[in-house]
Amino acid sequence: MSETISFLPSYKDQPTKAAEYLRQALPLMSRNKISTDPTNYAIWYEYVAGKNGALKEAIDAMIEKKTAFDPATSKALYKKYICNDSIESFESVRSNLLKLLGKTQQDVNKAGDTASDASGQFCEKTKLLENSKDISDIKNIVSEIVAETSHLAEASQTLKKELDKTNSEIETLRSELEIVKEASVTDALTGLLNRRAFDSEINNIIEVAEVYPQGVVLLLMDLDHFKRVNDNFGHLVGDKVLRYTSALMKQHVDENHLVARYGGEEMAVIMPDTNRDKAIEIANKIRVALAKSRLQRKDNGESIGQITISIGAAKLESHDTFDSFVGRADECLYKAKETGRNRVIDDSTL
């Protein structure tokens, strides 16, 4: 539904779909006494679209608790679930880096001034040596040159220490920036790629699809009756089921495959350079392994019951756009749900 260029969301829903989201969002906003400003509309647009699972869960919980949707709350929701909140971390790293560069420039300027002063002193002393014949005067001048040289060496050594320290701090900032970068594309709960990263990867792969001789397959997965898990055991147990499923998926996919959290309980696997048969084989391994799992609550050993997953698979075609490719996989997923769940349906059967 949405994708990110830098940290800001953009949308590419068809006008009819966007109008439908508007029709659904406005009554909800009115019912909850929420002003129809752009920030609030973005929040409720994502909510009714149903793809931003984390946002939907947060709002549902607030509605259940009858929490007021005041401006501060709306800002927090927008920042956390729509506009990537890692931007604050990025700005912090950027600010620290600018301060570090400014200090380094001051150190270099100071060392430069010291070297310039020393150069002037050497010139003066050289002239004095040229005109001095008294051995005592010469010794004094040489002593002054040695002292000045020593002072210059100390300044150079100080600069070296400061630059070494700066280099170490820059390396620390670089590591922090890598963490921020990783966080901006990672779903916090599951550790999988987040939705925005998924959208970006799909678009990138479509642009260079010809470099994959075996083709590209997309799997969309949805946990069956997941609401029952949350209703019967609570959201904490539901979160653990999502993490378990994510880890299971990672175990069965190939190294070049990209695993993402597509929505609330929906997962996705982007499979570059993978043929249809191999993709369906992997999908069934994930499905069977999950169905055979017997998950229990750690606190009391109570069985959560069988957890199953429905999977839709689509092979990238030469004419595909993002919407057509993902839409076909979604259609197969819907068909898997409609025909009994706990199965894999691929687009060759459509």
- Mean Cβ count within 10 Å, highest first, over the residues of peptides 28-36, 307-315: 307-315, 28-36
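Rank-order 258-266, 240-248 by packing density, defined as the average count of other C-beta atoms within 10 Å over each peptide's residues, highest first.
My ranking of the peptides, most packed first, is 258-266, 240-248.
None of the figures in this text is laboratory data; all of them are computed from the coordinates on show. Computed from a prediction, not measured in an experiment: that's the story for all the values here. Backbone-built Cβ (ideal geometry, glycine too); neighbour counts: all protein chains shown.
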